[in-house]
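*Asks:* Structure below; questions to follow.
A short reminder: the numbers here are calculations on the coordinates, not readings from a lab. Because the structure is predicted, anything quoted here is derived from the model rather than measured. Neighbour counts run over all protein chains shown; Cβ positions are idealised from the backbone, glycine included.
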Amino acid sequence: TPAPSPPSNVRVSQNGLNSLLVTWTPSAGPNVTGYTIYYQQIDGRQNGSVKAVETDTSIVITGLTLGANFSISVVTNSSTLPSIVTYGPNVTIQQKAPSGSPEMLHAVPGEREVEFSWSPPPVTQRNGVITSYTLSCSPSPSSLPHSPSSQSGPHTVAGFSPNTHYSCSLVAS
């Protein structure tokens, strides 16, 4: 008995915060028993497969790494041989902006500068990898807005005037 034809029209789209919806057109051929959907993170850190029954034309893959790029492929299974592999498009799991704010913002004033330090938002409120922070103050010293290069500090920002009240905020993105 020959192998079944491969599935066609494999499409991939993000389905929620950390999942992908994979759809395909079913295979023609005898003895089709289902499909195996393979996912591989392009840098190789997260790989796996999920199974679908012969009547399925879609499946959701969950628990994927935010910000990661994945390749997807689908194989038709039969009682004799699997089909050749059909590849879908590569897709990146998009991140969302953090829902939480940095915590424990601490400011130590100097003569004309302020040293800032903080903790990142709680893990459950990061919605992915935090790539930057933006520090703003009102009134704004000439050195702001400032985008610190590391995650928590301390960061010294110059340009503050003595005997002036400032209101500062820090946003993670």
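*Asks:* Note down all Cβ pairs under 6 Å where the first residue falls in region 54-78 and is touching a residue at least 60 places away in the same chain (Cβ under 8 Å), the second is of a type in the set (A, V, I, L, M, F, W, C) and surrounded by fewer than 18 Cβ atoms within 10 Å (Cβ to Cβ), and they're at least six residues apart or on different chains.
*Replies:* Partner pairs satisfying both residue conditions: G67/V129; S73/V85; V75/V85.
*Asks:* State whether the residues of region 85-93 include one that is without any contact (Cβ under 8 Å) to a residue 60 or more places away in the chain and of a type outside the set (S, T, N, Q).
*Replies:* Checking region 85-93: not a single residue is without any contact (Cβ under 8 Å) to a residue 60 or more places away in the chain and of a type outside the set (S, T, N, Q).
*Asks:* Then there's this: Out of (1) out of contact with any Lys or Arg (no Cβ under 7 Å at 6 or more places or on another chain); (2) farther than 15 Å from P26 by Cβ; (3) in contact (Cβ under 8 Å) with a residue 40 or more places away in the chain, the odd one out for P98 is which?
*Replies:* With (1) out of contact with any Lys or Arg (no Cβ under 7 Å at 6 or more places or on another chain); (2) farther than 15 Å from P26 by Cβ; (3) in contact (Cβ under 8 Å) with a residue 40 or more places away in the chain applied to P98, the lone miss is (1).
*Asks:* If a residue has to be of a type outside the set (K, R) and either surrounded by fewer than 16 Cβ atoms within 10 Å (Cβ to Cβ) or in contact with a helix residue (DSSP H, G or I) (Cβ under 7 Å, 6 or more places away or on another chain) (or both) to count, how many in region 37-53 make the cut?
*Replies:* 9
*Asks:* Between residues in region 113-126 that are at positive phi and residues that are crowded, with 18+ Cβ neighbours inside 10 Å, which pairs lie under 7 Å by C-beta distance while being six or more apart or on different chains?
*Replies:* none
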